[in-house]
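Only one structure is covered here, and it is reproduced in the block below.
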Amino acid sequence: MKKKIIFTSLACALLFTSGGLIYQTQASKTNVSSEVILTPSLAASDEKNHLNLPSTLDTQIEEKVMPEPNVEQFGVDLSDVAPGEVLIPEVLKITDKNSTNFSTNESTETSDLKQTNLLASDYGNGYHFRATYESQDGNEFTVLQVPIEISLETTFQGVKDFYKEPVIETEINGLPTAYVDGRVRKVVHFFTNDRGYTVTSLNASIEETLNVAQHLADQLSEK
Amino acid sequence: MMKKKIGLTLSTVMLGSLLMLAGMAYANGFSGWPTLSKGSSGGYVSGLQASLYAMGQQPSVGAVDGIFGTGTETGLINFQTNTGLVADGIAGSDTWSEFHDWATFETYTLWYLDTSYSSTYWTSFALTNNETKLTYRVSYKGSNTSVYSGTVY
């Protein structure tokens, strides 16, 4: 009886150990961490884009791959950035949709867009800042503040040449502006003499995206 | 007179070529990318794999290694299905055009893909070396740490 118990215990221990070793080997081969991230429901997030999203793909599981050792990093710790470099505000504004003056942006009825993330990178020509904001109704906006690499004219032409969709030229507070009402993303670019600002959204309308850009330009001019 | 005409024609052709080259120097997204399918390899395949990461296809693609294998094909078919394209596993003009629809201009030499399909990764492309070299970079969304980078061409 004792022999049987000892044999069973040993067999179980061997099974668990080998299972663990196989898992470890596979994990190191695929170079992924143990962190597993469930992607948000594609059908829900892209409902407004009218894309064909089969429900079977709603549960794609992404694994957080470990960085390859030779990858050059351009991310900058925000604590190393001098005060005053980040011009995009922590709280952005959007005019309330129900406001009668939504399109003209003259209404004082506004809601706050809370900043949910801010990242800085340096590719050698000045800081690039990327911030994300969320509105009360769940719309997400990404805002970029980047240096102008070449001349303003060349950069503006670059914007016009980049998109396949029609690029509409306009002005926000007298600043050269170009926007794209794309099928899947709405983008507004406006430029000062030395910096470019971009407001983009995957789930807001172009009117809302332009409205946020207008408020951003207003807030920047107050600085 | 004939010599002048030839000279003028040659000058026009040379100027045209120079203008064409200069015109290609800015960030132009996925314009002109070649058709890729299972068995293809190289920088453009890495660029495709990096783009598929931004589309939530990391589980299918696996490593960004420049080899168009079964994983990349599956990831591409998923992307094509999700976006209403013909799901044939071949990255042709329609596929590149769809990727371009998701791309955003950042600077004259930099553009990126950041979509709701992936909660983990975004991918950027940069022209370097006097705009003769295109590189890709796959980064975490939350922390700006890059996990893959390499050369498309």
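The values are calculated or read from the model by the stated rules, or taken from the named source; none is laboratory data. What you are looking at is a predicted structure, and each value in this text was computed from that prediction instead of being measured. Heads up, the Cβs are rebuilt from the backbone with ideal geometry, glycines too, and the neighbour counts pull from every protein chain shown. In case anyone asks, the SASA skips ligands and DNA or RNA and just uses the protein heavy atoms, side chains included. Shrake-Rupley method; radii C 1.70, N 1.55, O 1.52, S 1.80 Å.
Work out, step by step, the length gained on full extension between A:Met66 and A:Thr170: first 0.36 nm times the residue separation, then minus their alpha carbon distance; give nm to one decimal.
33.1 nm
In region A:119-146, what residues drop by 50 Å² or more in accessible surface going from the chain by itself to the full protein assembly, probe 1.4 Å?
Buried by 50 Å² or more upon assembly, which counts only protein chains, are A:Leu119, A:Tyr123, A:Arg130.
So, R0 is 35 Å and r is the distance between the beta-carbons of A:Thr154 and B:Thr35; what FRET efficiency does that work out to, to 0.05?
After rounding to 0.05, the efficiency reads 0.65.
Work out which residues of region A:181-223 lose at minimum 30 square angstrom of accessible surface when the other protein chains are put back, relative to the chain isolated, with a 1.4 angstrom probe, and list them by number.
A:Arg183, A:Val184, A:Arg185, A:Leu202
State in Å² the accessible area per residue of region B:56-127; use a 1.4 Å probe, count heavy atoms of protein chains only, and round to the nearest integer.
For region B:56-127, the solvent-accessible area averages 24 Å² per residue.
May I ask you to work out the translational diffusion coefficient for region A:88-223 at 37 °C, viscosity 0.692 mPa s, via Stokes-Einstein with Rh from the Kirkwood sum over Cα pairs, reported in whole µm²/s?
Translational D for this selection: 217 µm²/s.
Among residues other than A:Thr142 whose Cβ falls under 9 Å from its Cβ, what is the net charge (Lys/Arg +1, Asp/Glu -1)?
-1
Using R₀ = 25 Å, calculate the FRET efficiency as 1/(1 + (r/R₀)^6) where r is the Cβ-Cβ separation of B:Glu131 and B:Ser93; round to 0.05.
Calculated transfer efficiency: 0.60.
How much of the accessible area of region B:76-153, probe 1.4 Å, is carbon plus sulfur, in whole percent?
It is 47 percent, rounded to a whole number.
Compute the accessible area of each residue in region B:62-101 twice, once for its chain alone and once with every protein chain present, using a 1.4 Å probe on heavy atoms, and list those whose area falls by at least 50 Å².
B:Asn82, B:His100, B:Asp101
Give the B-A buried accessible area in Å², both sides summed, 1.4 Å probe, nearest 100.
Interface between B and A: roughly 4500 Å².
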